[in-house]
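J.: Okay, here's the structure, questions in a sec.
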Amino acid sequence: MKVVLASKNPHKLVEIDEITRKLGIELILQSELGVDIDVEENGTTFEENSLIKAEAVMKATGLPAMADDSGIAVDALNGAPGVYSARYGGDPSLTDHDRKMLLLKNTEHVPDGQRQAQFVCVITMVTPDGEVIQARGEIHGELTREPRGENGFGYDPIFYYPPAGMTTAEMSSEEKHKVSHRGNALKVFYEMLKEKGYADK
């Protein structure tokens, strides 16, 4: 099954493709089809933003489109940065490293034992015939005090996953896929695909 991925993030493509390949889904980047659109992610939830992106790329390509909206939600910050994770700090010149260091700075007052956080991922697929399939996945952990690990991307180096005793940036990609928010969302997504008859049962 060919599906267009509504994303320009190469890290996200690699991570999603490593999982979807095993599910019989062939992902195509929107740029491979000559589609270069900037979708305004003006939703207030991961579900809304994921749907907005998938619908826009489906309409632009005429093919089934999949979008992922994800981020980190910190309990002590009332769920922030949440849907604004990729734009945290409000300055487009900030790098991934800048944003994670800003998050550590903004939580330095939060004591150990109260640094709980969740990675959240919502995956949405929209088809030209109007079908919408949406799945949510989460992983629960806590913020570290400093970055640890070289794998993953984004906030992975500061997200500690207690059952593994390491950050998600210290995990191998295989270890991470088994427990990650994106991996969990894709598992639910695949089951929904099977129910709808879009995937091999």
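The values are calculated or read from the model by the stated rules, or taken from the named source; none is laboratory data. Model, not experiment: these values are computed from the prediction. When we count neighbours, we look across all protein chains shown, and the Cβ atoms used for this are built from the backbone with ideal geometry, even at glycine.
J.: Counting only residues that are over 18 Å from the mean Cα position of the chain (by Cα) and of a type in the set (Asp, Glu), how many does region 89-103 have?
T.: Looking only at that region, the number is 2.
J.: Inspect all residues belonging to region 74-83 and state whether any of them is assigned to a strand (DSSP E or B), in contact with a Cys (Cβ under 6 Å, 6 or more places away or on another chain), in contact (Cβ under 8 Å) with a residue 24 or more places away in the chain and closer than 19 Å to residue 137 by Cβ.
T.: No, there is no match, as no residue in region 74-83 is assigned to a strand (DSSP E or B), in contact with a Cys (Cβ under 6 Å, 6 or more places away or on another chain), in contact (Cβ under 8 Å) with a residue 24 or more places away in the chain and closer than 19 Å to residue 137 by Cβ.
J.: What is the one condition in (1) farther than 28 Å from residue 144 by Cα; (2) in a strand (DSSP E or B) that residue 52 does not satisfy?
T.: (2)
J.: Tell me, yes or no, whether region 125-143 has at least one residue that is of a type outside the set (A, V, I, L, M, F, W, C), in contact with a Leu (Cβ under 9 Å, 6 or more places away or on another chain), within 22 Å of residue 113 (Cα to Cα) and crowded, with 20+ Cβ neighbours inside 10 Å.
T.: No, region 125-143 contains no residue that is of a type outside the set (A, V, I, L, M, F, W, C), in contact with a Leu (Cβ under 9 Å, 6 or more places away or on another chain), within 22 Å of residue 113 (Cα to Cα) and crowded, with 20+ Cβ neighbours inside 10 Å.
J.: Would you confirm whether or not region 174-196 contains a residue that is buried (at least 16 other Cβ atoms within 10 Å of the Cβ), part of a loop (DSSP other than H, G, I, E, B) and in contact with an Asp or Glu (Cβ under 9 Å, 6 or more places away or on another chain)?
T.: yes
J.: In region 1-15, what residues are under 19 Å from residue 60 (Cβ atoms), of a type outside the set (Lys, Arg) and part of a helix (DSSP H, G or I)?
T.: Scanning region 1-15 gives a single hit, 13.
J.: For region 150-178, give me each residue that is at pLDDT 95 or above and either on the phi > 0 side of the Ramachandran plot or not hydroxyl-bearing (Ser, Thr, Tyr) (or both).
T.: Result: 156, 157, 158, 159, 162, 163, 164, 165, 166, 169, 170, 171.
Per-residue answers, yes or no, for (1) of a type in the set (A, V, I, L, M); (2) touching a helix residue (DSSP H, G or I) at 6+ places or on another chain (Cβ under 7 Å); (3) in a strand (DSSP E or B):
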| residue | (1), (2), (3) |
| --- | --- |
| 102 | yes, no, no |
| 118 | no, no, yes |
| 121 | no, yes, yes |
| 136 | no, yes, yes |
| 153 | no, yes, no |
